[in-house]
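What follows is a short report on a single structure.
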Ligand SMILES: CC(C)(COP(=O)(O)OP(=O)(O)OC[C@H]1O[C@@H](n2cnc3c(N)ncnc32)[C@H](O)[C@@H]1OP(=O)(O)O)[C@@H](O)C(=O)NCCC(=O)NCCS
């Protein structure tokens, strides 16, 4: 891994051939092999990110999130982990999982505790409030299913076709 500039990286475990760009904050998280973490990405303690993922700039990933292999996360995606946040007092952390080959469109917000299915596609600007089925395309606020997309042609993250089937 090349040295990063203006970054805070504390006890992060980073797999072989992963690229971490400048101006990131990574705290006690685990990042797999051949994954790209772009600039201005903030990842909290305990987060796991798989192999062959792409995390584009300005993404926030708090504690409680697991991202499996070959996931694409577009710029300005925000994950959350507390459904009823307050500045002080008790809170409940919910667990969120993004399954392999899923793609999350730019500027989307993922509410706490949802599961995003394998190869699912979240349209740009969506707010995901419920679990997303495998292969579903969802858009909107709140995000609703508008179609499905074919499975990736190769098991290790080959090109994903964006064709959509209207429901
Ligand atoms: C959801 C998405 C995959 C749909 O693409 P598509 O299958 O080619 O569909 P179209 O662009 O033809 O749009 C179909 C309909 O959905 C609507 N739509 C498309 N994307 C939408 C979105 N993100 N949110 C809400 N509605 C959306 C369109 O307005 C259109 O509505 P209409 O049928 O009433 O005219 C795509 O628009 C999208 O958001 N992709 C993610 C882009 C992204 O963030 N890329 C990151 C790389 S930088």
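Laboratory data are not the source of any read-out in this text; all were calculated from the coordinates shown. Since we're looking at a predicted model, the values are computed, not measured. Reconstructed Cβ throughout: ideal geometry from the backbone, glycine too, with neighbour counts over all protein chains shown.
Rounded to the nearest 0.05, what FRET efficiency do residue 16 and residue 94 have when you use their Cβ-Cβ distance and R0 = 41 Å?
Efficiency for this residue pair is about 0.85.
Can you put 36, 83 in order of Cβ neighbours within 10 angstrom, beginning with the fewest?
83, 36
At q = 0.12, 0.14, 0.15, 0.17 Å⁻¹, what log₁₀ I(q)/I(0) does the chain have when each alpha carbon counts as one equal point scatterer in the Debye sum?
At q = 0.12, 0.14, 0.15, 0.17 Å⁻¹ the computed log10 ratios are -0.50, -0.68, -0.78, -0.98.
May I ask what percent, to the nearest 5, of DSSP beta bridges between residues of the chain are antiparallel?
Of those bridges, close to 10 percent are antiparallel.
Round to a whole angstrom and tell me the spacing of the C-alpha centers of region 20-51 and region 66-90.
Each part's Cα centre sits 13 Å from the other's.
Taking every eigenvalue of the Cα gyration tensor of region 21-76, multiplying by 5 and rooting it, what semi-axes result, largest first, whole Å?
Equivalent-ellipsoid dimensions as semi-axes: 14, 13, 10 Å.
In Å and whole numbers, how far do the C-alpha atoms of region 70-157 stretch along each principal axis, longest first?
48, 25, 22
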